[in-house]
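A.B. asks: Handing you a structure now.
All of the numbers you see were taken from the coordinates with simple rules; none came from a lab. Note that the structure is a prediction, hence the values are computed from the model and not measured. Counting neighbours? That spans all protein chains shown, and the Cβs are built from the backbone with ideal geometry, glycine included.
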Amino acid sequence: MSEEKKPPQDPSSESDEATSRREKTSAVKEMFLLALLYLPMGFFLWFFAASLLMLPARLIVDALLSTPFPELFVGVFQDGFIFEVQSPLQVRNPEDGQMRPFALIINPMIYAWGMALLFGLIMATPLSVGRRIIQMLIGFSVITLVTVWGTFWEAWRDLAFLSGPEIGAVVREQGISVNLIALCYQLGYLMFPAVIPVATWILMNREFIEREVLRHRKR
C-alpha cells in the first residue's frame, strides 16, 4: 500500500504564524517595559499624596485598636503619613524618671508600596479608561487592607516585645498569643506587601494574561 502523502504546508502560513508569535511576545515585553517606566511616576504620586492615601487605613486601624481594646489603645493619630498610636499605659521617662503616657510611632508606608506597583501594572495593561479607573479603586482598597493588617499587628508587636516586661505582661493578659502576634506581623511585613499587589493584578486581568501569555506558550 502506498503511503498517503501529506499536502505540503504553505510557507506563507508558517511565516504568518511565526510573525504572530513574535508580535504577541513583543506585546507582552512592551507591556512589562511600560510598567517599569510607569513605576517612578507611581512612586512619586504615592509619596506626594501619602497623607491622603493613608487616611482610610488610619481610620480603620483606630477603630480596630481603640474600640475593642480601650485599656491598651486610646486612639491612632496621623502626622503627615506617620501614625501615632497612643496608649493609656504609663512608662517611666529615662531622662527625669517621671511617668508619661506611652505612644507608638508607626510608618504605614512600608506596607503600602504596592499601590505604586499596581499603578504601574494597571497603567501598562491595555484597558479602557473605565476599567482602568475601576482597577485603580480596587487596587487601592486591597492595599489599604494590607496596610491595615501591617500597622495593626505592628502595634501589637511593639507592645508585646519592644515595650518592656510590664507592658508585655499586660498584653498577655488580653489572651492574645504572642506567637500569633509574631506570625501575623511577619506575614504583614514580609509576604503580603509583595505578593498581594501582583496577585490582585493577575486576578483583575486574568483574561488578558491567558490570551497573551498562557495560550501563546501552549502553541
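A.B. asks: Modelled label-to-label distance, R132 and F77, 7 Å Cα→beta-carbon offset: nm?
C.D. replies: 4.1
A.B. asks: 5 Å is the cut-off here: which amide hydrogens, built 1.01 Å from N in the peptide plane, fall below it relative to G75, excluding neighbours closer than 5 in sequence?
C.D. replies: For G75, whose amide H was placed from the backbone, the distant partners under 5 Å are Q86.
A.B. asks: Something else about it: When the Karplus curve 6.51 cos²θ - 1.76 cosθ + 1.60 is applied with θ = phi - 60°, which whole-Hz ³J(HN,Hα) does each residue of segment 100-112 get, with x for Gly and Pro?
C.D. replies: Each residue of segment 100-112 in turn: 9, x, 8, 9, 10, 10, 10, 9, x, 5, 5, 9, 10 Hz.
A.B. asks: Once you put a point 7 Å from the Cα of F43 and another 7 Å from the Cα of I209, both along the Cβ direction, what distance in nm separates them?
C.D. replies: 2.4
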